[in-house]
Amino acid sequence: MKRAPHLVALGGMCAMASAFGFSRFAYTPILPHMVAGLNFSAAQAGLIASANFLGYLLGAFLSATPTMRRHAHAFFSLGLIAGALSMAGMALDYGAHTLAALCVWRFIGGLVSAFVIVCLATLVQEPVIRAGRPALAGAPFAGVGLGIATSSAMVLGALAAGGDWRTLWLVASAGALALAIAALGLIPRPGPTPVAAVAAQGEQAPRGALARLVASYGLFGFGYVITATFLVVIVRETPALAPIEPLAWIVVGLAGAISIPFWTFVARRTGDHAAYGLGLIAEAIGVALTVLVPSPWAVLTGGALLGGTFMAVTAIGLGLARRMSPQAPQKAQAIMTVAFGLGQIVGPLVAGVLRETTGSYLWPSLAAALALAVGAVLPERARRAA
């Protein structure tokens, strides 16, 4: 390794903060202001969100190709820069074609974010493991929570200064771009030692075990995304929750920032499969709390449970897939990302339509909680099968 492992891990944190904390999740605090400014419906907001996830799904498919594995650093760099610039594209005036244009930009952002998370295994996680620092492999995922908290604070600051929803996108784009440049300065190009040579030292898990893990991960994608997309909207639509609107999404981010060391500790005591399942159960409780108990403490607790689990579950789940497929860890990570992307596409569409039909996010959120609970059962079955 040409650079100290802790610096490479820090670069990974900056990358995930840019590609996900900003480029993906800044949509949540900006969404209610954009909906109000454009007079969009919940279904239209869900369509824009699903465009992002459709791009993520296509990016995951592309990430499984040999070309992506051979040129991981180039696609990683493209993902970071294009993701940040796609946010600036959201701020342009498209007149009568605004909805279509916003969907295109969110599609591009989702496409390139998949490049970042899949190539992360080759450029950050595997190198720090080879350098004898396996504990740092999950550190980049803490960057998502830090990015959520930082982007939320920047959005609040821009609002306080009188900015409209277009200004919010420009401010968030600048933050994402700064983090992308920092990440590219810290993460070196892959060295001459091929990752496959290191990864091939383990045994391939039975195909059925990996398939159940992939199915669980898809349910996770559906289960987390509804609350992660519409939490601020849910808070805004409930008068009793108005005082916590500025805090709701920041709490999610701060909980995400500390979740990686906490769940790493849990995984060491219980094993990765058990920690993965426990994380999904905790997340299911959090998702249900945000709609079942319309009080500030319940929503903030639910948000903390969401933020405190979803990136940790992501890190643990992708780590399990890499270890179950040691001959092709990046391909396994891409397959997991495809399943996750499918769940993400369905979630906002279901939530938007049911919100228009029922007048609330209660039923889509409860469906999401059920999906998470079912997904929690599958890793243990996969462990026994393996």
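Where a number appears in this text, it was derived from the coordinates with a stated rule and is not lab data. Note that the structure is predicted; figures quoted are calculated from it, not measured. FYI the Cβ positions are ideal-geometry reconstructions off the backbone, even for glycines, and counts take in every protein chain you see.
Taking neighbour Cβ counts within 10 Å as the exposure measure, how do Thr122, Thr314, Thr264 sort from fewest upward? Let's see the in-between values first.
Values: Thr122 23, Thr314 26, Thr264 19.
The order, fewest Cβ neighbours first, is Thr264, Thr122, Thr314.
Among Val171, Ser295, Leu320, which residue has its Cα positioned farthest towards the positive end of the charge dipole of the range 5-385, with +1 placed on the Cβ of Lys and Arg, -1 on the Cβ of Asp and Glu, and the dipole taken about the Cα centre?
Going by the charge dipole, the pick is Leu320.
With +1 assigned to the C-beta of every Lys and Arg and -1 to the C-beta of every Asp and Glu, and no other charges, what is the dipole magnitude of the range 281-386 about the Cα centre in debye, to the nearest 20?
On the way: 7 positive and 3 negative charges, 97 e Å.
Charge dipole of the range 281-386: 460 debye, to the nearest 20.
Among Phe40, Val252, Ala135, whose Cα sits farthest toward the positive end of the charge dipole of the range 5-385 (+1 at Cβ of Lys/Arg, -1 at Cβ of Asp/Glu, about the Cα centre)?
It is Ala135.
Which of Leu92, Met68, Val155 sits farthest toward the positive end of the charge dipole of the chain, with +1 on the Cβ of Lys and Arg and -1 on the Cβ of Asp and Glu?
So the residue furthest toward the plus end is Met68.
If you place +1 on the Cβ of every Lys and Arg and -1 on the Cβ of every Asp and Glu, how big does the dipole about the Cα centre of the range 209-288 come out, in debye to the nearest 20?
Computed about the Cα centre, the dipole is about 240 debye.
Counting each DSSP H run of 4 or more residues in the chain as -39500 (n - 2.57), what helix-only mean residue ellipticity at 222 nm follows after dividing by all residues, to the nearest 500 deg cm²/dmol? Write down the numbers at each step before the final one.
Working: 17 runs with 302 residues, N = 386.
Mean residue ellipticity, 222 nm, calculated: -26500 deg cm²/dmol.
What FRET efficiency would be calculated for the residue pair His97, Leu349, taking the C-beta separation as r and a Förster radius of 25 Å, to the nearest 0.05? Numbers along the way, then the final one.
Numbers: r = 21 Å, r/R0 = 0.85.
Between His97 and Leu349 the formula returns 0.75.
About the Cα centre, and with charges only on the beta carbon of Lys, Arg (+1) and Asp, Glu (-1), how big is the dipole of the chain? Nearest 20 debye, please.
Numbers: 22 positive and 10 negative charges, 262 e Å.
Rounded to the nearest 20 debye, it is 1260 debye.
Quick one: give the max-minus-min coordinate of the C-alpha atoms of the range 244-386 along each principal axis, largest first, in Å.
Cα spread of the range 244-386 along its principal axes, largest to smallest: 48, 30, 24 Å.
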